[in-house]
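Please read the structure below before turning to the comments.
The values are calculated or read from the model by the stated rules, or taken from the named source; none is laboratory data. A quick note: this is a predicted structure, and the numbers were derived from the prediction, not measured. All Cβ positions, glycine included, derive from the backbone under ideal geometry; neighbour counts span all protein chains shown.
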Amino acid sequence: MADKVCLQPCLGLRKEAVLGRQALYVVHEDLLPDQTVLGCGPALNANVQEDVDFINLYPVLAVEACELDCATKLVAKKEQTAARTVRIGEVMKELGLELDSVPEEHVEVEHPAVQAVAKRIAEHVKELLTGGPGAGHPPPTAPLLRGHLGDGRGAHHGADARDGPPQSHHDRPLLRVRRCRAEVGIRQG
Amino acid sequence: MIEETDFKVAVLPCNGIGRLVSTVVRLAGYRIKRLRPDQVVLLSSGRLAVKDPEHVAAFEKYPVLVIDGCRPHCASFMADELGKTPAGRIYMADVAAENRISIAGDKRRGLTGKGEKLVNAVTDKAVAEIDRIIADEMLSTL
């Protein structure tokens, strides 16, 4: 069973996307920092190694703003399958939240809707980590790599990096990761 | 400001999430659109990455200004992937250096004054680029 979940937001422009993005900061930085990595869509599209590794090593929770499901499709474009897809609009409906209460362009993480959506997404993460539907992905490779990747502190690109200064590429033992993946027959990103 | 509305620029901010500059780029995108509402088509990198037809059409139709937040230059990658040379490129580090703005200490979840300064600087630079690109397009038709 995986020890982390990759949060992969659509990163669109509409209100729901902004709310989802902010909610994922809350999940990743406040609620479940050790159980999540934060995937960056454009970086994944550009084959930034860290983001490619994230979707290959961990089950992906795609967080979508609309029915276009761009995050889910992007993961598929990179030859993986999202373990679960949640749509912000549906989560808000489920929680009885009104989109009208959310400002355009930017919403503070303290906003009640952001906090409520973040908590619901954190529940999805916990379900995936404890064997819920979709938890089977990826094959048992993540434990091999525990401590090597995904805690964000050794990341060069920063999808998972905190706001601290970027660290050297050498801090990130990608060669070891690649070796581990080769040993268990995982496709290189 | 250019009054002609037939000419537009498709603006492609990377809209990433990982870096502090990701937030700067994202907010700049909205401000650019506000300042040039009739000249700017704001593209979603998420939709473009999966070749959403509406976004691909706008990308193909108009000259493109890409705004890259961090070193992998993901917005530029996307333009290259779709086979188009952007009419303009802006890289956040260049803007920060030109304006001597440091945003260290700000948070990606919400900017303070320093981050806002950089948002304004990149917005100003982008608007100037948009005006230049449109002028170039217009003059090439005369």
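Structure above, values below:
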item	result
Any hit, region B:48-58, residues being in contact with a strand residue (DSSP E or B) (Cβ under 9 Å, 6 or more places away or on another chain), in contact (Cβ under 8 Å) with a residue 24 or more places away in the chain and within 11 Å of chain A (Cβ to nearest Cβ)	yes
In region A:12-47, the residues that are more than 11 Å from every other protein chain (Cβ to nearest Cβ), within 10 Å of the chain's Cα centre (by Cα) and in a helix (DSSP H, G or I)	A:Val27
Residue list for region B:46-71, filter: over 17 Å from A:Gly12 (Cα atoms) and surrounded by 24 or more Cβ atoms within 10 Å (Cβ to Cβ)	B:Val64, B:Leu65, B:Cys70
Test: residue in region B:23-42 that is closer than 24 Å to A:Ala76 by Cβ and buried (at least 19 other Cβ atoms within 10 Å of the Cβ)	no
Flag for A:Gly20 being of a type in the set (Gly, Ala, Ser) and free of Cβ contacts under 8 Å to residues at least 40 places away in the same chain	no
Count of region B:86-129 residues which are more than 14 Å from every other protein chain (Cβ to nearest Cβ), closer than 23 Å to A:Val114 by Cα and modelled with pLDDT of 95 or more	0
Strands (runs of 3 or more DSSP E) contained in region B:32-134 and holding at least 3 residues touching a Pro at 6+ places or on another chain (Cβ under 7 Å)	B:64-68
Region A:1-27, residues that are among the acidic types (Asp, Glu) and touching a Cys at 6+ places or on another chain (Cβ under 7 Å)	A:Glu16
Helices (runs of 4 or more DSSP H) fully within region A:48-160 counting 2 or more residues that are among the polar types (S, T, N, Q) and modelled with pLDDT of 95 or more	A:49-57
Evaluation of A:Thr81 against (1) without any contact (Cβ under 8 Å) to a residue 24 or more places away in the chain; (2) away from chain B (no Cβ under 12 Å) (one fails), failing number	(1)
